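Enquirer: Handing you a structure now.
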Amino acid sequence: MKNIISMKNVTYTYPEAETHATDDISLDIQENEWVSIVGRNGSGKTTLTKLIDGLIDCDSGDIFIDGVKIDEDNIWDARKNIGIVFQNPDHQFVGATVEDDVAFGLENQGVQREDMIKRVDHALQMVDMQDYKKRDPQSLSGGQKQRVAIAGVLAIEPKIIIMDESTSMLDPDGRRTVLDLIQNLRKKQSLTVLSITHDIEETQLSDRIIVLKSGKIVKDSDPKGIYDLGPKLIDYGLEEPFTSLVADGLRDELGQEGYVNEEGLIDQLCKLNSKM
Amino acid sequence: MNKLILGRYLPGDSLIYRLDPRGKFLITFYFIGIVFLANNLVSYAFLLLFVFFAVYISKVSISFFIKGLRPMLWLILFTVMLQAFFTPSNHPIWHWAFLSLSKEGLVIAGYIFIRFILIIFISTLLTLTTTPIEISDSIESILKPLRVIKFPVSQVALMLSIALRFVPLLIDETIKIMDAQRARGVDFGEGGLIKRIKSFVPILIPLFVSSFSIAYDLAIAMESRGYKDGEGRTKYRILHWSKRDNITVVVMIAITVVLLFLRSYK
């Protein structure tokens, strides 16, 4: 597997800040991986994504996107491979209508109009928003606006999607649709997802979880390895998974140590039920 | 805020809606110009007839236009009164101190009143049938020649369309801030003028702060989507100039000719 994002000893300090926002971070992310980045507020998660997209320049270290070291000259090309969906749906909606917003990234790249119309339609179909094409943002729910934002990102056909707490301002329903959408997209095409989140359920969908603390990577493993930490998860800005809480409460009956996923828990509960 | 018809778009479909916004925009200004050519009853009646015809084919209910007049009512009355009472005349029908009422004065006041109706109706017709984004597109298109003198036309147009897009968001933000301040005991409707103006300071400052933070977020989002400086951008929305727009232009020329003819008609 090829590394789509590669960071080598990246350090960044905000102007007039005393501590490093990211402190000597080295990180490789493979193509088609879904990586969750977790950590408390101020642990450097958003800084990390801004560095990857070249929205801020690192003080020292190198960043490679798709094998190319990014610098001032090629950052605009690198950005064509990266799409970011931000937290607040209202603060990233540039167009006056849904279709205009989806087309914004394409307009910036100077795509021809005929091609643009096809790609906008296709992107809206992928997020199932084609019926809302002519609507203005005021008439959409938060979840729908985030789907439009994702369509805008998909229209430029990026290799990497970064979700910067994209689901945190949505209701459970909106969150569900956005996450289902990402899951379905990944079944159909190769897509690397980098998702910053505080939501434990969202991390369960990912292949790998990276925990940041004070600008450093303190844990990097598959979800199970992280959930096994149990109550210590709170320190990393996460809650314990619901299944762990249930398994913990029934420890005497189940005898389960460490993390168990939903299916595993249901299995054990059924066995327990048949024993009684 | 719902009362203000002037400057609001009303979704609908008719010939007027389908006209090219550039044409509509320019014709509206042209019409406002030729209103001042009218100088007698027949010419004013002719223009009124034209405006009511335009309103009729737009299929927008006339009540929207009447409502559009309402915020301007005091201004209209004031101007009409001024004309009626202060027009100098040798044969006043009635006078008291410095006020005098004459036939000429009343006629001029009547003309002024019709002029107001014409101008307000035609501009309300433009905004009711044209989306803000269409208006901003036509401004971009009309200003295009200014590119020669390095005027950043497309940047200005993008700024305009973003500003329009964020108006409702900032209204929401204002309501939120007002509620937050009310919850802390600020009363916006009480006290004298100075006190009322002062009570808006705690709204304005948070509003400024939050609009700057929205602007910052938006700038980051735009940059991440590859917006550089407006160079080399293509356009998704394009305007179509069609046959019906040509016909409208011909109609406007005909109206001007008739108007010039009616001017000399006694």
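The values are calculated or read from the model by the stated rules, or taken from the named source; none is laboratory data. From a predicted model like this one, the values you see are computed outputs, not experimental measurements. Cβ sites come from the backbone with ideal geometry, for glycine too, and all protein chains shown count toward neighbours.
Enquirer: I need the helices (runs of 4 or more DSSP H) fully contained in the stretch A:225-276, keeping only those with at least 1 residues that are within 17 Å of residue A:201 (Cβ to Cβ).
Expert: Passing ranges, in order: A:242-249, A:262-275.
Enquirer: For the condition buried (at least 22 other Cβ atoms within 10 Å of the Cβ) and not in a helix (DSSP H, G or I), what is the one hit in A:56, A:37?
Expert: A:37
Enquirer: Right, here's the next one. Which residue out of B:130, B:124 is more than 23 Å from residue B:36 (Cβ to Cβ) and either modelled with pLDDT of 90 or more or crowded, with 17+ Cβ neighbours inside 10 Å (or both)?
Expert: The conditions single out B:130.
Enquirer: Then there is this: Tell me which of these residue A:248 doesn't satisfy, since it passes every other one: (1) without any contact (Cβ under 8 Å) to a residue 12 or more places away in the chain; (2) touching a Gly at 6+ places or on another chain (Cβ under 9 Å); (3) not aromatic (Phe, Trp, Tyr).
Expert: For residue A:248, the exception is condition (1).
Enquirer: Those residues that are part of a loop (DSSP other than H, G, I, E, B) and farther than 15 Å from residue A:178 by Cβ, I need them from the stretch A:134-159; list them, please.
Expert: Scanning the stretch A:134-159 gives A:134, A:135, A:136, A:156, A:157, A:158, A:159.
Enquirer: Mind listing just one residue for me: the one in the stretch A:81-118 that is polar (S, T, N, Q) and more than 7 Å from every other protein chain (Cβ to nearest Cβ) and, of those, farthest from residue A:45 (Cα to Cα)?
Expert: A:97
Enquirer: Using the structure shown, decide if residue A:110 is assigned to a loop (DSSP other than H, G, I, E, B) and touching a residue at least 24 places away in the same chain (Cβ under 8 Å).
Expert: No; evaluated as a whole, the condition is false for this residue.
Enquirer: Got a number for residues in the stretch A:188-230 being of a type in the set (Gly, Ala, Ser) and surrounded by fewer than 18 Cβ atoms within 10 Å (Cβ to Cβ)?
Expert: Going through the stretch A:188-230 one residue at a time, the tally reaches 5.
Enquirer: Something else: Restricting to the stretch B:71-106, what's the tally of residues that are within 30 Å of residue B:128 (Cβ to Cβ), of a type outside the set (Phe, Trp, Tyr) and modelled with pLDDT of 85 or more?
Expert: 10
Enquirer: Out of A:77, A:131, A:62, A:115, report the one residue that is surrounded by fewer than 15 Cβ atoms within 10 Å (Cβ to Cβ), of a type outside the set (A, V, I, L, M) and not in a helix (DSSP H, G or I).
Expert: Answer to the selection: A:62.
Enquirer: For residues that are within 14 Å of chain B (Cβ to nearest Cβ) and modelled with pLDDT under 90, scanning just the stretch A:57-73, find the one that is farthest from residue A:24 (Cα to Cα).
Expert: For the stretch A:57-73, the residue satisfying everything is A:73.
Enquirer: Just for helices (runs of 4 or more DSSP H) wholly inside the stretch B:176-266: which have at least 2 residues that are surrounded by 15 or more Cβ atoms within 10 Å (Cβ to Cβ) and more than 14 Å from every other protein chain (Cβ to nearest Cβ)?
Expert: B:201-224, B:243-263
Enquirer: Considering only residues that are touching a Phe, Trp or Tyr at 6+ places or on another chain (Cβ under 6 Å) and either in contact (Cβ under 8 Å) with a residue 40 or more places away in the chain or not assigned by TED's automatic domain parsing to the domain that holds residue A:45 (or both), which ones fall in the stretch A:179-236?
Expert: Of everything in the stretch A:179-236, those that are touching a Phe, Trp or Tyr at 6+ places or on another chain (Cβ under 6 Å) and either in contact (Cβ under 8 Å) with a residue 40 or more places away in the chain or not assigned by TED's automatic domain parsing to the domain that holds residue A:45 (or both) turn out to be A:193, A:206, A:207, A:211.
Enquirer: Between A:85, A:120, which is modelled with pLDDT of 90 or more, within 21 Å of residue A:162 (Cα to Cα) and more than 21 Å from the chain's Cα centre (by Cα)?
Expert: So the residue among A:85, A:120 that is modelled with pLDDT of 90 or more, within 21 Å of residue A:162 (Cα to Cα) and more than 21 Å from the chain's Cα centre (by Cα) is A:120.
Enquirer: Let me ask you something else. Residue A:46 - would you say it is of a type in the set (S, T, N, Q), surrounded by fewer than 24 Cβ atoms within 10 Å (Cβ to Cβ) and within 9 Å of another protein chain (Cβ to nearest Cβ)?
Expert: When the stated conditions are applied, residue A:46 does not pass them.
To keep it simple, each residue is scored yes or no on (1) in contact with a helix residue (DSSP H, G or I) (Cβ under 8 Å, 6 or more places away or on another chain); (2) under 30 Å from residue B:43 (Cα atoms); (3) not hydrophobic (A, V, I, L, M, F, W, C); (4) not assigned by TED's automatic domain parsing to the domain that holds residue B:20.
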| position | (1), (2), (3), (4) |
| --- | --- |
| B:85 | yes, yes, no, no |
| B:114 | yes, yes, no, no |
| B:122 | yes, yes, no, no |
| B:151 | yes, no, no, yes |
| B:156 | yes, no, no, yes |
| B:194 | no, no, no, yes |
| B:202 | yes, no, yes, yes |
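Enquirer: Please state which of the following conditions residue B:104 fails to meet, knowing it meets all the rest: (1) charged (D, E, K, R); (2) more than 18 Å from the chain's Cα centre (by Cα); (3) closer than 21 Å to residue B:25 by Cα.
Expert: Among (1) charged (D, E, K, R); (2) more than 18 Å from the chain's Cα centre (by Cα); (3) closer than 21 Å to residue B:25 by Cα, the lone unmet condition for residue B:104 is (3).
Enquirer: Restricting the search to the stretch B:143-162, which residues are of a type outside the set (S, T, N, Q) and either in contact (Cβ under 8 Å) with a residue 60 or more places away in the chain or within 11 Å of another protein chain (Cβ to nearest Cβ) (or both)?
Expert: Answer for the stretch B:143-162, where residues must be of a type outside the set (S, T, N, Q) and either in contact (Cβ under 8 Å) with a residue 60 or more places away in the chain or within 11 Å of another protein chain (Cβ to nearest Cβ) (or both): B:152, B:158, B:160, B:162.
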